[in-house]
Each structure stands twice: as C-alpha cells, then as structure tokens.
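To keep things clear, I will list the structure first and then write my remarks on it.
Laboratory data are not the source of any read-out in this text; all were calculated from the coordinates shown. As the structure is a computational prediction, the values presented were derived from the model and not from experiment. Here Cβ is always computed from backbone atoms with ideal geometry, including for glycine, and neighbour counts include all displayed protein chains.
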Amino acid sequence: EVLSKLDLSNTKSKLLAIVANPRGATNACAHEKIDYLGFPFSVSETFQKRNTNSSIEDSLQSIEEIQELCEKHNKDLVIYLSMAFGNPYGDEWSPEIVTEWAHKVIEKTNVKVISLSDTIGVSNADTITNLFEKVLKEVSGVEIGAHMHTTPTTWKEKVDSAYKAGCRRFDGALKGYGGCPMAKD
C-alpha cells in the first residue's frame, strides 16, 4: 500500500526492503519499485537466531536463494553484517571475525554490497574507524556501506568516523523510523 503511493519519477532515490528469508524475498521481488533486498546476516550466532530464527549456517543457504531471486527479478542484494561493531550476547567478536564473514559471504554469492551494521547501537568513533579501515583494506570487489543505529546526540560523530575511514555508502531512515527489535532503545 505504501509503495503504491510513492512517486519515484523525479528522484534518484532507491528503495530497499530488508527480508529475513527467501519467502520475504519472494514477496519483495513482486514490487517493481524496490531496487534492493537487504538480508541481516549476523556475525553472532545468538543474534542470528533471535533476529531471523535461523542459524548462521542456514542463513548462508538463505542468502544463496535470495541472490538467485534478486538476479531473476533484477534486484540487488545487500548483505548487512549485523553485530559488526560488538556483541552483547557473549559470542566472540573482533574486526577479524567481521572481515572473515565478509569474505565468506562474498564466496557464497556474487553480492556487490556489504553493509557493516551497528545493529544495536554499540559503536563509537574508534570502533567505527578501526573496523572500516580494516574491512576496506582487506575486502575488495564489493561496495562497503554503513548501517548504524544511533541517537540524536551521537549520529554525527559516527557518520563522520565512517566517512573519514573511507565509507561512502550510508543507509538512512525517514524520521528515524525502524530499528532492531532487540535494541534496548
């Protein structure tokens, strides 16, 4: 209903729908106005299960199926590496783990965009700078973006840190709507 009311004839804006499984991807592919399908692929097993009700291994299979749907329907897949800036669930986390998962996702699909996601708003200027510098140096052949959950008082320093580290793709939300149901705020 919302998509049918959007006039995109005079804009360069592109629309993205985040999907948690191939069924959601099939539904999103039915809408011509949607350009990108985003999949939240977590580097945390705990968060992957909480967020999409599937394991990381099952999610790897899902992204292969979603990539096939994207190709069939002329959409682009964006993989969100969720929990890229830290993990409050006790799962192991490091910039090396994030970089490793970026490589694994690229090996499984021909994805062209990976977005480092601060899914629950735990990043700060230092972790953002360190992660983007590492990933941009070690991961090639894809566009690396930023998806950050933040507050009205910390957004600018987070965006600035990612930009200064070399990131040029940023997600945005209208009036701040959206967000992860697992985020505390």
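Per-residue ellipticity at 222 nm from helix content only, as computed over the chain with -39500 (n - 2.57) for each DSSP H run of at least four residues, stands at -12000 deg cm²/dmol. Cross-link partners for Lys164 among the lysines, with Cα-Cα distance under 18 Å and sequence neighbours closer than 8 places in the same chain left out: Lys134, Lys137, Lys156.
Within straight-line reach of Lys72, meaning a Cα separation under 18 Å, sit the following lysines at least 8 residues removed in sequence or on another chain: Lys33, Lys108, Lys112.
In loop segments of the stretch 139-176 as defined by DSSP, the trypsin sites (Lys or Arg not before Pro) with at most 13 further C-beta atoms inside 10 Å of their C-beta are Arg168. Against the set (i) 115; (ii) 153; (iii) 124, the structure's computed volume of the Cα convex hull per residue in Å³ falls on (iii). Proximity of backbone amide H atoms, modeled 1.01 Å from N, is registered between Val113 and Ile79, Glu143 at under 5 Å, excluding neighbours fewer than 5 places apart on the same chain. For Asp76, the residues whose modelled amide H falls within less than 5 Å of its own, excluding neighbours fewer than 5 places apart on the same chain, are Tyr36, Leu37. For the stretch 28-185, the Cβ-based charge dipole about the Cα centre amounts to some 520 debye (Lys, Arg positive; Asp, Glu negative; other atoms uncharged).
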